[in-house]
Every structure is written in structure tokens, then in C-alpha cells.
């Protein structure tokens, strides 16, 4: 029997990037752009052409997940989503329980389209609530109110089999008690999947510029941020959602299959401006990427038949680094044997021993997992273990 | 062969920035020795570092033909000497090769400490001295005040000092004329056996070792078989030349003349400055007095930032040493820094110059450890050990007492800064010897321990006086004091590169300062790190670096993997610039920054 390729330990998924938003949020460093007019027909043709091109390389594979991310994919016409999913289904076989997720904003306009997405084949909605109080929503540059957010959540849950909600915490001037209240009011509605991110100040964002100028005040200090993270885990655990990843909490069985493909280092196709992919072709694993600018990408697809920028070959060391970096985020952790097979060498023994002794890591046979304290120091651990 | 009466040999004594090199350039240029188009600013300072920093490190020489107002053409030999205290020995031997000096003083600033030391050397060598007031064109120039200053401070008649501007060329003909009329011609006997002084030597990659000589008696010719009287080495002269300033071959050199030769000498170490050169067959009866070889007084470790560069460092050091006999080195191993060299220097500037040359000319990144002086350890068994490196200190129970080198420092400073200077010297365990005034400038002399000066005394001096103080020193000898070895422990591990000898009374303060600095310099780790200063087993200062609690990326999905991996690669690069110490990583820059002491 043929030895399975490494990526098969993670599965195969497809990511499609919609690069437009109504407005740019001050914290967001994703590839999103604001345009007054978007010709959805042009975009449909380009996406379909790119799907055809991707299928030529990976056509035989079985697809575990499709993810419409952005930007704000809930600005896509449901007919565009339908055409894309139709083309995908012609190129790849689906796993029986394929997950098809679309990211949505909870404004009333977008909520009106939920049924259309459902009809087009979307079976999971990821709703960007971000906060549940109006002051903070405004500071985060969001276009919706807390009331709209909760209404959209209710509508989504009655429309889709599976719904996830995003919140951002460790916001400016947020207290531990205020966050507890907000999180509990969300959990009261009985979600089975939450993505709860601590606010990160990124370069190239409005917040980043403010922070650089020393004008972003009221961010929590390290002790408060740690306390918030620890409390978040406890509250979610109490509500039956476990932290299966650094910032993701789910009732068992409701984990995001799509994101698990990333964290388990499967293969994924990236379609659309700025989308990244990982493809194992023959014996070589590639990192793929595309033009980030929407118009440049569109023109490249139309004129050259490809939106891709040159591929990077991932050498064994880089693959091993990515595997460690991604898998150690998960509660299931890293398989030491898989790391060794990829890198051809062992994890740094001294660092491993120190982290085990220091209560930052736990080893269970072939599995390496972070403890709660270790998870908070993950970047540092990955650096030590892989150096 | 030039008639003795038509030769004038001279040097220029000046403080840094007072215009010595510019004046030298002007003299060369105005006599047409170098074509205008070949004129490079500060012609004699040939090393990059010399030209950039405006200092002279090695003695340089140039021969100038000057048609004087009396209708005769004179040969003027200028030996350009270093101005810095570290190179005082170069100055002293250069002075012995000439009969007179131009004393150049900035007409707006007056005499500085280094000038003073060099003038005294010139007077010791029996020189006739012509004072020259430079920068006379500047609005701030005050020639009368500065003349009075020269008379007060040096005790030299400055009434006929020549006012010039080396920059504009004003007064240059008067200087040339004064060299001929006011400086004495050399003496010597052409028919006596050859007696020449070895003034300097340097390594040239094409010619090998070039030896600069001053002929006292007799004549030296190409092809002659010569003997170095001190070393006993014998050589045949391959090439004989004068420097104009490029090497111009000459058939012979007679008494009073200065020139260079090559003789298949492999390294500078084979020549001894001050040695007497004579003919093998017909030697002179008596050698010249000679000089004491210069002894390194400041030591420090030089380590490559990248351990893989050790061999390149060895090559570079060996090459530099070819040309600098005053610089010593031996291999050293440090637990913190790996393989490197313990190097000895004439002073801090010498250290800095060598370090800079290694980095610049050989493209090396270096870590320099704390400069240390040479301590004399008097052991209980009666033996005496020279300690160059605090890390090598033997167990204190075997030591009877420790002596440290002391210096006599001369500082000249405008009186408004005097208070700061006195405080600085007092803080550095100084003993005031003398305090005098000349106009509004004070001159103070202090007896100071050299180890208090090697850290950053000069930097502090410059900063408390906004650059208006000048400083000079010479070693006076060794004295016993209450010295202890202070170790620095990071996470309970001693860091050898940071240990130092300090005075017992200063140990707490210095230990505290060191711990505080390291607390800032060592990044947080995943665990808490104690930093301690200790004498033996006794902890005298302590700081703690708290543990890092959170460093995790909130969002990391498929689109983030590439960017995060590249960030990881960058962090790994950064890690390479850290030195592993037990479980703790210390950035290399921390070693350098921690050792820069202030206060």
C-alpha cells in the first residue's frame, strides 16, 4: 500500500477570499478594500477560472471544507456564492459532512441574505459580532449595534446548521467584570462555537498608527490580559465549550473543520486576492499566494490565466516549523514523530526539557501539548523548541 | 647627500583639532612637493581612521625642498607625530630624531593638556621651539590672550609667535622661513662609522617591513650590509629612499638626513624602535641610548560575534600585529563568549583604534569585554603574578595583597567646569596633587587609579565639561589598595566576561549599577531571572527580571502561516546574536552596554 503523504494527516480544504468591506476597521490587517462599485459578474468569472486552474492540479482529492473569508463575504451576491460552490462540486468530491463556511457581518442588510447563502449550499456561518456593547462597537469601527448583533445571531442559528461567533476582547478600557458580563450574555444564547480573540495591535492599521504615536490608551497590561484569557477559558469550559485552540472554543464535535486543516497542516487551495495556499505536488510542498490588490488580481486572472504570484518551495525545515507553530496551538498538540519526519531532526532537547520541567509543556507518548501557562507563551516556546 | 647646514629636521606639536595636519599639508603644498591635484586633505594621515577622526596614530614623515629667502634650497624633514597620550612613546622617539618643533596652538582656545605633555617631551629632547598661532582668521581668535597663555602655562617666550591660518594659507611662508632661520641645523660626522637611529617601522603589503631612520654619523647606501646593534640582526639594504611623501629612491643618506629602507625584514616585531643601525664591517663604537619598548597597560577580550568567525579574527589580529608591535594578544576562552583573544593595548584610544580597524578592514563583528588594567598580585608564597584578566584571579586565600597601577592625570578646563571635574576625580578615587590657574583656565593634576580611568572616564570628562576639558596622563607606578573581585551572577551562574576588580568601598555602588543595567539589557524569559553581584560568596547587590507571562498570537490561520514563519526565522536570527548562559540568553550588546559605566 502507498504510504500516505504528510498533508493527508490534515486533510484538504479550499479557501476563497472576498477582498471588499463597507469600511475598514481600525484593528484589521486583513487584505480588505473599500470600493463603491463592484461588478460581481467579473468576480464570478475570475473565481471560476481560478477554480478550474486549481482543479487541474488537485482534481482527484476529497474536499473537507470550503471557506468564504474576507473582507466581508456577506457582501457577495448569493448567486455568486452558488455559482462558485456549483463549480467546486464539479471539480472535487466532497466528504460526506463537508463544512461550507461563510463569514458574515451582523448588519440587517446582510442578515437578509442568510437564506440565500443557505440555499446556495453554505452550511456554517461565522458571524463577526466583535463586541456586545455599542460604545465598544463604535470604537472598533463596526457598522452594527449590539442589538443587531444578537438579532443576527438568532436569525443565523435558525437558518444554518452550525454557527460560530467572533468576539474581540482585551479592548481599550475593558474591565475583567465587563468582559465577563459580555461573554456570559453571549453564552446564554447557547452557541456551540466561539472565536474569542484578544485585541492585537497590528502594523499597517489605524490602531497601529495610533499606538506608534503613543495615542492608543487604555489597553490592558500583561497581568490583566493574562487574567482575561484565563477567565475566558474557565467560563467557556463551564458552558461546555473547551479551548481546542488558542482562541477557539467549541462544544465537542463542533470544532471548525476548516481551520483544523490549517492547524493540522493539511493542504489547502487559496483562491482570490491575497489568498494563501499549501499544496503538496509530487514530492514537493509549495506555499502559494496571489496578488493582493483586487484589480491587479482580477486583471492577472483575465490576462494571464492565473492570479498567483511565484510559488515558494517549502523546505523540510520550513515545513517542520509550520507544523510545530500551527499544531501546538491545538489542545490535541503536536506529534513528535511527525515533526521529526518533516524536519529530519529532533526538537531542541534542552528547550523541551526546560519547558517540561517548567510546567509549560506536557508530553504524553508521541504527543506534546501546552499547559495553560505554556499556551500563553506559545510564540516563545515554538522559537525555543525549533531553534 | 645634503650639506648639514642645509638640513632642518622638525616635528609639529599640537592638540587634536588645533590644525597640525592642515599645517603639514600646507607646508608640503606651498613648496610644490606634491602637485596640487594629488593633494588629499591631511596627506600624512593615511589610515582611514586617522583621517576620519583627525588624529595621527603612527609617526609619518615627509621631505620638503624649500628655496629660502637667502637664495639657498633647504631640505626640510617633517616628522608628523601622534597627538594622543596612548601614543606618547611614538612621540618621544620621533622627537629624538629631529632638532626642533613647531608648537601649534589654536588662537581662540589656548594650550591643552596633551600639547603640554608633548612640548615637555620636545624640551626634554633639547628642541628649539617656534610657537605658531593657528586659526587667526576666526572671529574668536585672541592672539594676545593665547600668547600670554603659552607663556603662563609652558613658560615659553611667545612674543615672536607666528600668526597663521593653515586653512587659508596665511602666514605659511613665514613659518617656512622660521624653520630655516630659527631651528638649528643637525650635527654629525660624515667620515665617522655609520650610526643611525631606527625611528619607526611599518609593514607594507608590497615591500615588507619599511624602516625609517635618522642618520647621526656616517653614510648609508643601497646594498650596504648593516647590523641592528640591540637585536644583533644583520640585513642587506634592498632599497633606500626618502618620502616626498611618496617613496623616492636615493643613492645614499648622510648625517642629519631622514629616510627609509627595506631589507627583506618579515615583521615589524623584528625591528626595535630606538635601535642603532650601523655597518656590519665597520661598526660604530657606541650605540644610541635606545628606548624602552612600549608596554601594554590596558587589556580586554575580543571575541567574534559569530563563533564561526574565530579563524578570521585570528588572521586579522595576526595581520594587524605585523604592523603594530605595541599590541599584544593571546588566545582566550570564555564560557560566555566562546573563543577569542585577550589583547593588550597602550591605552583606550589604542584599543578603540585596533577594534575599529579589525571591524572595518577585516569586516568582523566583535564583542569587547570590560577593559582591565594589569594588577600585581602578591601571593602569600612571595611570588608576584601579573593579572591581565579578572576571570583568571586565583583564590583570594592565596593572595597577600593586590597592587594596581596609578597615573598622574593632567586636566585643563575652563574654570566654570572645575567643580564637576574635581567631583569626577574624587569619585574615581583620585588624590589631588596640584591646582593652578592660567587666565580663566584651570590646570589640575590628580593621582588616579588607572582602572578608574579605563572605563569611561574620558567620556564622562567630555560630557561634564561639554567637551571643553583636555586630559593627559602617564603611568606613575603601582600601589597597594583594598581591591576585590566582583562577580556577576545571572540566574545563579557567574558570567566570566562581566567579572571585574573593584575597590572594596566602591563595590556595592558598582554592583548595584551593574545589576540595574543588566536588568534593562537582558530581555524577559519564560522564568524569573535573579541578577546578583557578589564578592566571593557574599551577594552585595541583587535585581530580578520578572518572568514573561504572555507571548502568543491571537489569530493564526492559513493566510498567516507564511508571515508567522518568516517572523520565526527572524527571531531565530536574533537568537544567534544572544549568548547562552545556563538557561539564560544574554544579548551580545548587553556585554558592551553593561560595561559602559557612568557616574
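Could we say that residue B:212 is crowded, with 17+ Cβ neighbours inside 10 Å and over 27 Å from the mean Cα position of the chain (by Cα) here?
So residue B:212 does not fit the description; no.
Take the stretch B:188-206 and flag every residue that is under 20 Å from residue B:248 (Cβ atoms) and in a loop (DSSP other than H, G, I, E, B).
Residues satisfying the conditions are B:205, B:206.
Taking the stretch B:545-567 as the region of interest, how many residues are within 7 Å of chain A (Cβ to nearest Cβ), crowded, with 20+ Cβ neighbours inside 10 Å and under 30 Å from residue B:492 (Cβ atoms)?
So the count comes out to 1.
Does the stretch A:202-242 hold any residues that are within 14 Å of another protein chain (Cβ to nearest Cβ), farther than 22 Å from residue B:563 by Cβ and not in a helix (DSSP H, G or I), and which are they?
Across the stretch A:202-242, the qualifying residues are A:219, A:220, A:221.
Look through A:101, A:159, A:107 and report the one residue that is touching a residue at least 40 places away in the same chain (Cβ under 8 Å) and closer than 21 Å to residue A:241 by Cα.
The match here is A:101.
Against the condition under 36 Å from the mean Cα position of the chain (by Cα) and more than 14 Å from every other protein chain (Cβ to nearest Cβ), how does residue B:517 come out, does it pass?
Yes.
Criterion first (closer than 30 Å to residue B:427 by Cα and in contact with a strand residue (DSSP E or B) (Cβ under 6 Å, 6 or more places away or on another chain)) does residue B:504 satisfy it?
yes
Pick out the one residue from B:321, B:285 that is touching a strand residue (DSSP E or B) at 6+ places or on another chain (Cβ under 7 Å) and under 30 Å from residue B:238 (Cα atoms).
One residue alone meets the criteria, B:321.
Within the stretch A:206-225, how many residues are in contact with a helix residue (DSSP H, G or I) (Cβ under 9 Å, 6 or more places away or on another chain) and surrounded by 18 or more Cβ atoms within 10 Å (Cβ to Cβ)?
Total meeting the criteria: 1.
Report, by residue number, each residue of the stretch B:147-159 that is touching a residue at least 12 places away in the same chain (Cβ under 8 Å) and under 28 Å from the mean Cα position of the chain (by Cα).
Within the stretch B:147-159, B:149, B:150, B:153, B:154, B:156 meet the criteria.
Quick grid of which residues meet (1) in contact (Cβ under 8 Å) with a residue 24 or more places away in the chain; (2) out of contact with any helix residue (DSSP H, G or I) (no Cβ under 7 Å at 6 or more places or on another chain):
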{"position": "B:557", "(1), (2)": "no, no"}
{"position": "B:561", "(1), (2)": "no, no"}
{"position": "B:564", "(1), (2)": "no, no"}
{"position": "B:581", "(1), (2)": "yes, yes"}
{"position": "B:590", "(1), (2)": "yes, no"}
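Of all residues in the stretch B:207-232, which are closer than 19 Å to residue B:250 by Cβ and in a loop (DSSP other than H, G, I, E, B)?
Across the stretch B:207-232, the qualifying residues are B:207, B:218, B:219, B:222, B:223, B:224.
I'm trying to understand the selection: among the residues of the stretch B:528-544, which are crowded, with 18+ Cβ neighbours inside 10 Å and either within 14 Å of another protein chain (Cβ to nearest Cβ) or assigned to a loop (DSSP other than H, G, I, E, B) (or both)?
B:529
Would you call residue B:404 under 22 Å from residue B:497 (Cα atoms) and out of contact with any strand residue (DSSP E or B) (no Cβ under 7 Å at 6 or more places or on another chain)?
no
Can you say whether residue A:253 is away from every other protein chain (no Cβ under 12 Å), modelled with pLDDT under 95 and not in a strand (DSSP E or B), as far as the supplied structure shows?
No.
Return the only residue of B:362, B:339 being under 27 Å from residue B:580 (Cβ atoms) and modelled with pLDDT of 90 or more.
Going through B:362, B:339 in turn, the sole match is B:339.
Whether any residue in the stretch B:41-61 is at pLDDT 80 or above, closer than 29 Å to residue B:288 by Cβ and touching a strand residue (DSSP E or B) at 6+ places or on another chain (Cβ under 9 Å) is what I want to check.
Within the stretch B:41-61, one or more residues are at pLDDT 80 or above, closer than 29 Å to residue B:288 by Cβ and touching a strand residue (DSSP E or B) at 6+ places or on another chain (Cβ under 9 Å).
Can you give me the ranges of the strands (runs of 3 or more DSSP E) entirely in the stretch A:292-387 with at least 1 residues that are more than 11 Å from chain B (Cβ to nearest Cβ) and within 23 Å of the chain's Cα centre (by Cα)?
Of the strands (runs of 3 or more DSSP E) lying wholly inside the stretch A:292-387, those with at least 1 residues that are more than 11 Å from chain B (Cβ to nearest Cβ) and within 23 Å of the chain's Cα centre (by Cα) span A:308-313, A:367-370.
Looking at the stretch A:122-138 only, could you name the residues that are in contact (Cβ under 8 Å) with a residue 40 or more places away in the chain and surrounded by fewer than 19 Cβ atoms within 10 Å (Cβ to Cβ)?
Correct list: A:133 only.
With the structure loaded, tell me whether residue B:176 is surrounded by 15 or more Cβ atoms within 10 Å (Cβ to Cβ), outside the structural domain of residue B:132 (by the TED database), under 20 Å from residue B:65 (Cα atoms) and touching a residue at least 24 places away in the same chain (Cβ under 8 Å) or whether it fails that test.
No, not satisfied.
Going by what's in this entry, would residue A:275 be described as modelled with pLDDT under 95 and either within 14 Å of chain B (Cβ to nearest Cβ) or surrounded by fewer than 21 Cβ atoms within 10 Å (Cβ to Cβ) (or both)?
For residue A:275, the condition - modelled with pLDDT under 95 and either within 14 Å of chain B (Cβ to nearest Cβ) or surrounded by fewer than 21 Cβ atoms within 10 Å (Cβ to Cβ) (or both) - is not met.
The values are calculated or read from the model by the stated rules, or taken from the named source; none is laboratory data. The structure presented is a predicted model; accordingly, all values stated were derived computationally and were not measured. Backbone-built Cβ (ideal geometry, glycine too); neighbour counts: all protein chains shown.
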